[in-house]
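Working notes, structure below.
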Amino acid sequence: MNILVLGSGGREHTFAYKIVESELCDQLFVAPGNAGTAAIATNVPISVTDFDAIKELVLSKNIEMVVVGPEDPLVQGISDYFAKDEELTNIAVIGPSKEGARLEGSKEYAKEFLIRHNIPTAAYQSFTAETVDQGKKFLETLSAPYVLKADGLAAGKGVLILQDIDEAKTELENMLTNKKFGAASEKVVIEEFLDGIELSVFVLTDGKNYLTLPTAKDYKRIGEGDTGLNTGGMGAISPVPFADNVFMDKIENQIVKPTVEGLAKENIDYKGFIFIGLIKVGDDPKVIEYNVRMGDPETEAVLPRVKTDLVTLFKHVAEQTLDKANLEIDPRTATTVMTVSGGYPEAYEKGKEITGVDTITESIVFHAGTKLDGDKVVTNGGRVIAVTSFDDNFKDALKKSYDNIKKLHFDKMYYRKDLGFDL
């Protein structure tokens, strides 16, 4: 069949890399794609939220499956758009309905869902510009650090963790009355701080059945030792060494099962990925957040470990037969290191020539923010190229990634050299 992947980052290049391996894939299109997807698929310059243009492409190229990479089109209802259009209703869309996507689109909605289904999470309250003074009083009932989350989508940057109560009150005001994160912070969730080590669990569900994919640990901060500003992610390690069988059983029974059952009970149409951001507090898992798609850069570490044909898994999702699927996972560790543009996550320049990609051996290169400029590959985003390596443990796998990154070059290239420091 002909397949379309929506998106332009490292996650989408990884999807493309796995999909073209499948005998079930005839032609692969990526919209808008990047220089990496251009080498293995046909890039189409369409925005991921231009549903009418996507429809035209799907019909003109006889596309039978659409794999949605990023959250924006899901939150805007692309699955519903396909389901309601007679010409598109038979196309398999891998991604939840608009209602399901609210788990990521609204932090408050996600917290209410967690509480309704008795899934362990931090205590919280939500506030708006009208209730900013109550928000400040609620902060006084908590102890530091203080966690403020913009309710809406803020490209992974809408969460502040602050040590000082006065700074927390100022930032609450900034978010609610000065619209620090635009419309995303018209409502702010304040929640208790959970102290522990974070990890992510990825679930593929057809709405009834599910498969739990490998765990991963993502490194969000720009600086070494987890300092500095939050980014979209500086690298990932899969599996997470401390997530042993006992801990995974707790995640399965206390979090994954009640999440999938909760969606079914509420008649929420959900065919796609659930990314569960967790924290291990003592010996117990608690949910920090839901995302309704695969993470980036976690996808670059998780999907290469999936040995089962990805298109076959997606077909099972579309047909609600995921209980018949067999998931085979590579037991080795995969590590992904992200190279970024100088200045990221603040202002950075684009259009810098990238060299050395073709000299990398024993690692997989995934393009994130790249594009073709004639026959040159140039930078086109904050996060530029991810390098993924396999080995029997994360230290040896990381060494491979770091050795290979030394062969890459673009002006002001930066990457974190301390991934795995907390494992």
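The values are calculated or read from the model by the stated rules, or taken from the named source; none is laboratory data. Note that the structure is predicted; figures quoted are calculated from it, not measured. Note that each Cβ is placed from the backbone with ideal geometry, even for glycine, and that neighbours are counted across all protein chains shown. Ligands, DNA and RNA are excluded from the accessible area calculation, which covers all protein heavy atoms including side chains. Shrake-Rupley method; radii C 1.70, N 1.55, O 1.52, S 1.80 Å.
For the reader, a short list of remarks on this structure follows.
- Dipole of segment 144-278, positive direction: furthest Cα of 209, 177, 163, with charges on the beta-carbon: 209
- Between segment 78-110 and segment 39-54, the alpha-carbon center distance in angstrom: 18
- What separates the Cα centres of segment 197-269 and segment 111-134 is a distance of 21 Å.
- Net length gained if the chain between residue 250 and residue 307 were fully extended (0.36 nm per residue, minus Cα distance): 18.0 nm
- For segment 39-117, with +1 on Lys and Arg beta carbons and -1 on Asp and Glu, the positive-most of 42, 103, 78 along the dipole: 103
- Here segment 124-273 exposes an accessible surface that is 47 percent carbon and sulfur, computed with a 1.4 Å probe and the other protein chains kept in place.
- Shape analysis of segment 1-129 based on the Cα gyration tensor places the equivalent ellipsoid semi-axes at 31, 17, 14 Å, largest first.
- Semi-axes of the equivalent ellipsoid for segment 364-423, Cα gyration tensor, largest first, Å: 25, 12, 10
- For segment 183-298, average projected area of the Cα convex hull in nm²: 8.4
- The share of alpha-carbon pairs in segment 218-374 lying farther apart than 26 Å comes to 40%.
- Centroid-to-centroid separation of segment 278-338 and segment 390-423 [C-alpha atoms, Å]: 22
- Taking Cα centre as origin and charging only the Cβ of basic (Lys, Arg, +1) and acidic (Asp, Glu, -1) residues, the dipole magnitude of segment 183-279 rounds to 260 debye.
- Estimated [θ] at 222 nm from DSSP helical runs (n ≥ 4, -39500 (n - 2.57)) normalised by residues in the chain, nearest 500: -7500 deg cm²/dmol
- 5 angstrom amide H check on residue 221, placed H, neighbours 5+ away: 231
- 1.4 Å probe accessible area per residue over the chain, in Å²: 41
- Given [x] 37, 31, 22; [y] 31, 26, 22; [z] 33, 30, 20, the label whose value is semi-axes √(5λ) of the Cα gyration tensor in Å derived from this model: [y]
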